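Shown next, in structure tokens, is the structure this report addresses.
The values are calculated or read from the model by the stated rules, or taken from the named source; none is laboratory data. Treat the numbers as computed from the prediction; the structure is a model and nothing was measured. When we count neighbours, we look across all protein chains shown, and the Cβ atoms used for this are built from the backbone with ideal geometry, even at glycine. Side chains included, ligands, DNA and RNA excluded: accessible areas come from the protein's heavy atoms. Shrake-Rupley method; radii C 1.70, N 1.55, O 1.52, S 1.80 Å.
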Amino acid sequence: MSLTRLSAPILQAAGLNPNRVRVLIVDDSSLNAFVVDNQTIFIHYGLINRVDSARALQAVIAHEAAHISNGHIARRMANLKSARTTAGLGIALAVAAAAAGAGGDAAAGLAFGTSSSAMRAFLAHTRAEEASADQSAGRYLRSAGVNPEGLVELHEIFRGQEVLSQGRQDPYMRTHPLTSDRIRAAKAYVSAYGNGALPSASDAYWYARMRGKLSAFTRSPSWTLRRAASEPYADVRHMREAIAHHLNSNLPAAVAAIDRALAARPKDPYYYDLKGQILLEGRQTGAAVAAYALAAQGAPSEPLILGAYGRALLANGQPKAALKQLEAARARDFRDARILRDLGQAYAQTGQPGMASLSVAERYALQGRLKDAGYHAQRASGLLPRGSPAWQRAEDILAAAERYNKRSN
Ligand SMILES: [Zn+2]
């Protein structure tokens with residue numbers, strides 16, 4: 001996905017594995033970016049729209065990656081366990097279904113409230129952590145060949161918010177305290193190491209594509225259709241128009257537009273993914289399956305695409321084929337609640353009630369609903385062959401639920 005193209009070199013420079021650390025977009029228009037564990041960086045789409053350049057977005061990613069690499073999260077997780085507040089956070093690790101239709105290129109919703117005071121305290125960084133994260137971020141950007149000026153641009157967005165009351169600040173500002181020292185340090189870094197890095201043509205393209213998709217899904221179709229004409233990349237323009245027609249429920253126009261994008265970039269798996277989504281939501285399940293098959297062929301290890309392919313197969317009455325795709329998706333991303341929900345259906349429809357109950361239990365556990373998880377894990381444990389790996393998974397959830405019940409009584 002386009003975000004992966006922009007983030008992979010930064011994550012690598014931070015010593016993180018781009019296949020393990022994911023950058024997910026949160027369906028929220030306020031400005032924020034944060035990490036809750038060592039595997040996921042969350043960015044609100046509001047911040048992506050606001051930063052206005054690939055390099056500033058890459059600065060956001062570099063800064064969050066530094067919070068991981070510098071151990072700020074690991075320490076917090078350790079404190080969290082001892083402080084016994086996991087339940088209060090609703091298990092911070094929970095990541096829920098993809099949001100508002102943005103599909104494989106973008107999107108995650110969160111199963112927990114990032115606005116709760118416990119969560120805010122968990123996410124808040126100290127000024128010392130902020131300074132060290134900035135310093136590391138500058139280094140990562142430089143070694144990835146990205147102009148570190150993006151870091152200054154990022155800080156400029158929040159400059160001035162310091163004087164606002166907390167209620168009027170953006171959430172990013174509350175969790176990442178900004179001082180004039182930080183802006184000065186970033187500027188000093190740019191002048192010391194130069195901002196000579198040329199903007200990469202490919203970064204600019206992927207940034208335009210990601211923003212085009214996000215804005216088309218979040219703005220009104222008429223706004224998109226008016227603005228898309230001035231989009232410099234022809235295929236991105238067709239994609240934006242396809243989404244606008246789709247939101248207008250004009251299926252033929254949407255399909256024609258995404259086909260024009262595909263004509264410009266044949267085999268692009270993310271355009272096939274979008275075509276599959278348009279067709280599936282337009283109830284053309286057979287055609288959706290065909291589009292997703294091509295998407296999965298081009299991106300065989302992308303869990304969001306495999307999950308969507310499985311969903312289309314389920315809708316098309318092919319639970320056995322769906323199960324294969326959904327199991328592959330789950331193997332690559334065990335934290336996607338939507339995949340688990342579809343997987344439960346596929347197991348139920350292929351006569352595997354024990355596995356179906358286990359999927360339901362795992363989904364509830366991810367969402368921090370341990371009582372419900374325990375109930376379904378109990379069912380699963382009774383149905384699954386004793387001693388099998390799946391039975392063991394059910395037993396693990398059951399044990400966690402019992403610990404939780406004991407604590408909360
Ligand atoms: Zn920070």
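Are there any pairs, at least 6 apart or on different chains, whose C-beta atoms fall under 7 Å, with the first in the range 233-262 and among the aromatic types (Phe, Trp, Tyr) and the second assigned to a helix (DSSP H, G or I) and open to solvent by 10 Å² or more (accessible area, probe 1.4 Å), and if so, which?
Final answer for the pair search is 233/205; 233/208.
When the range 131-156 is examined, which residues are found to be away from the ligand (no atom under 14 Å from the Cβ), of a type in the set (A, V, I, L, M, F, W, C) and closer than 19 Å to residue 48 by Cα?
Matches in the range 131-156: 141, 146, 152.
Return the residues of the range 175-191 that are open to solvent by less than 20 Å² (accessible area, probe 1.4 Å) and away from the ligand (no atom under 16 Å from the Cβ); say none if nothing qualifies.
Within the range 175-191, 190 is the sole residue that qualifies.
Which residues, taken from the range 328-370, are out of contact with any helix residue (DSSP H, G or I) (no Cβ under 7 Å at 6 or more places or on another chain) and open to solvent by 70 Å² or more (accessible area, probe 1.4 Å)?
331, 334, 369
Do the conditions hold for residue 35, that is, is it within 15 Å of the ligand (Cβ to nearest atom) and surrounded by 18 or more Cβ atoms within 10 Å (Cβ to Cβ)?
Judged against the criteria, residue 35 is a match.
Checking residue 172 against (1) without any contact (Cβ under 8 Å) to a residue 60 or more places away in the chain; (2) under 18 Å from residue 26 (Cβ atoms): exactly one of these is not met. Which one?
Of (1) without any contact (Cβ under 8 Å) to a residue 60 or more places away in the chain; (2) under 18 Å from residue 26 (Cβ atoms), only one is false for residue 172: (1).
Among all residue pairs at least 6 apart or on different chains, which show Cβ distances below 9 Å where the first residue, located in the range 123-134, is in contact (Cβ under 8 Å) with a residue 12 or more places away in the chain and the second is among the aromatic types (Phe, Trp, Tyr) and in a helix (DSSP H, G or I)?
Going by the 9 Å Cβ cut-off, the qualifying pairs are 134/189.
Within the range 160-169, can you find the residues that are basic (Lys, Arg) and in contact (Cβ under 8 Å) with a residue 12 or more places away in the chain?
None; the set is empty.
Got a number for residues in the range 235-253 being within 16 Å of residue 215 (Cα to Cα) and either open to solvent by less than 30 Å² (accessible area, probe 1.4 Å) or not acidic (Asp, Glu) (or both)?
13
Determine if the range 269-280 includes at least one residue that is among the hydroxyl-bearing types (Ser, Thr, Tyr), within 21 Å of residue 329 (Cβ to Cβ), open to solvent by less than 30 Å² (accessible area, probe 1.4 Å) and in contact with a Leu (Cβ under 8 Å, 6 or more places away or on another chain). Before the answer, list the steps.
We begin by selecting, within the range 269-280, every residue among the hydroxyl-bearing types (Ser, Thr, Tyr); these are 270-272.
Right, trim to within 21 Å of residue 329 (Cβ to Cβ) and you get 270-272.
Imposing the further condition that a residue be open to solvent by less than 30 Å² (accessible area, probe 1.4 Å) reduces the set to 270-271.
From what's left, in contact with a Leu (Cβ under 8 Å, 6 or more places away or on another chain): 271.
Yes: the range 269-280 contains one or more residues that are among the hydroxyl-bearing types (Ser, Thr, Tyr), within 21 Å of residue 329 (Cβ to Cβ), open to solvent by less than 30 Å² (accessible area, probe 1.4 Å) and in contact with a Leu (Cβ under 8 Å, 6 or more places away or on another chain).
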